[in-house]
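In what follows, a single structure is set out as structure tokens and then discussed.
The values are calculated or read from the model by the stated rules, or taken from the named source; none is laboratory data. Please read all numbers here as calculations on a predicted model, not as lab measurements. Positions of Cβ are backbone-derived with ideal geometry, glycine not excepted, and every protein chain shown enters the neighbour counts. The area values use the complete protein model at the heavy-atom level, side chains included, leaving out ligands, DNA and RNA. Shrake-Rupley method; radii C 1.70, N 1.55, O 1.52, S 1.80 Å.
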Amino acid sequence: MIRKSTRVIRVGNVLIGGDNPISIQSMTNTSTKDTRATIKQINDMEEVGCDIVRCAITDIEDAKAIPMIKKSISIPIIGDIQYNYKLALEALKYGIDGLRLNPGNIGDLDKVRQVVNACKENKIPIRVGVNSGSIKQEFLDKYGGVNEDSMVYSALEQIEVLENMDFYDIKLSLKASSVALTLKACEKMSSLRDYPQHLGITEAGPLWRGTIKSSVGMGAILSRGIGDTIRISLTGDPIEEVRVAKEILKSLGLKKDGIDIISCPTCGRTKIDLISIVEEAEKRMEGLKKNITVAIMGCAVNGPGEAKEADIGIAGGRGNGVIFKDGKIIKKVPEEQLLETLMDEIEKI
């Protein structure tokens with residue numbers, strides 16, 4: 001796929017847009033001022049692949065916690081601001097790497113200008129976005145309700161406020177809980193502006209349903225070359241958001257990070273306990289920093305034949321199996337030794 005050309009912005013040490021890698025974001029669900037819990041959660045997210053983290057700045061104590069948090073993490077931190085421009089200024093004073101706010105939500109133009117000037121001075125980008133539930137009434141009336149036009153033109157009004165202040169260090173976000181609406185809105189905006197886009201399906205739901213909805217949505221949008229940074233919104237542990245985002249990018253060939261496990265769905269030919277082997281393999285391989293594809297297959301039909309693109313893998317037999325590498329069988333071992341032998345061979349790569 002060919003990614004659409006967008007401007008490049010910097011959030012801390014992460015470049016977003018242009019031909020830079022698509023970054024993964026998530027948001028803490030701790031109280032930001034609870035620095036111990038917040039730092040632990042951010043470090044846990046970073047461990048599984050998070051590139052940028054967002055924290056809610058709800059009061060001055062949250063803003064004051066930023067320096068302590070930044071000393072203990074390695075990824076940039078974005079401050080999520082709702083309505084209160086003074087909190088945006090405080091977050092900037094205490095070293096935030098990016099802001100998430102909408103100009104229309106923080107008061108008159110003088111207040112917006114104060115935030116914009118502080119962002120210019122500190123070279124801090126602003127994310128401007130519209131969710132399907134936050135469209136201004138005038139755009140709902142003008143464009144006939146919630147649709148891609150009312151979302152896009154509502155966002156453009158916010159963008160133009162910043163552009164009129166000679167501020168262009170912007171990334172855009174257009175999200176709905178509807179996959180189809182999010183896709184249409186992102187496509188339309190992509191045709192009108194070249195700012196980098198932050199993707200997501202908002203309020204996607206609990207882990208299982210939300211993962212499916214987000215995967216369908218992100219896959220559709222990213223496959224059109226749209227998107228520079230993503231956040232998967234799930235009701236649950238934000239670590240799962242990062243894991244899902246990473247797997248979406250890997251499945252599209254947009255990220256090479258860690259082991260990619262492919263495995264067959266099992267059938268009547270399967271004579272080993274493949275499900276248990278795959279579950280255990282997934283746990284043991286999660287932290288390995290090797291960019292390889294590992295196939296775990298139930299029989300010879302799905303072994304080196306169908307999985308020949310894998311770097312290494314297992315093909316099960318009756319109570320035993322073979323280890324194959326680069327499409328060639330290298331050894332035959334009993335079922336109970338298959339996974340251990342596979343792990344040993346992976347370590348050699």
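Quick notes on this one:
- Computed from Cα positions, the angle between helix 35-47 and the longest principal axis of the chain comes to roughly 50 degrees.
- Whole-angstrom gap from the range 161-215 to the range 69-85, using each part's C-alpha centre: 20 Å
- Loop GluC sites (Glu not before Pro), the range 246-302 (other Cβ atoms within 10 Å of the site Cβ: 16 or fewer; DSSP): 286
- Among the listed values (i) 74, 46, 32; (ii) 78, 39, 38; (iii) 96, 57, 37, the one computed from these coordinates for Cα extents along the principal axes in Å is (i).
- For the range 1-148, the fraction of 1.4 Å probe accessible surface lying on carbon and sulfur atoms is 48 percent.
- Ranking 231, 127, 193, 318 from most to least accessible surface, computed with a 1.4 Å probe over the protein chains only, gives 318, 193, 231, 127.
- Rounded to the nearest 20, the size of the Cβ-charge dipole of the range 186-313 about its Cα centre is 200 debye, with Lys and Arg at +1 and Asp and Glu at -1.
- Taking 0.36 nm per residue of separation and subtracting the current Cα-Cα distance, fully stretching the chain between residue 168 and residue 279 would add 35.3 nm.
- Between residue 251 and residue 19, full extension at 0.36 nm per residue minus the direct alpha carbon distance yields a gain of 81.7 nm.
- Nearest-10 value in Å² for the accessible area of residue 187, using the 1.4 Å probe: 70 Å²
- Folded to 0 to 90 degrees: helix 109-122 orientation relative to the chain principal axis, Cα: 50 degrees
- Residue 266 accessible area, 1.4 Å probe, all protein chains in place, Å² to nearest 10: 60 Å²
- In plain terms, the chain from residue 203 to residue 349 could stretch by 48.5 nm, reckoned as 0.36 nm per residue minus the Cα-Cα distance.
- Distance from the range 5-26 to the range 239-296 (C-alpha centre basis), Å: 26 Å
- Cβ-derived FRET efficiency at R0 25 Å, residue 337 paired with residue 309, nearest 0.05: 0.50
- Using the 1.4 Å probe convention, the accessible area of the range 147-305 works out to 41 Å² per residue with neighbouring protein chains retained.
- The chain - share of DSSP beta bridges that are antiparallel (%, nearest 5): 30 percent
- Degrees, to the nearest 10: 238-251 long Cα axis against longest axis of the chain: 70 degrees
- Counting only protein chain heavy atoms and rolling a 1.4 Å probe, the accessible areas of 267, 50 rank, largest first, as 267, 50.
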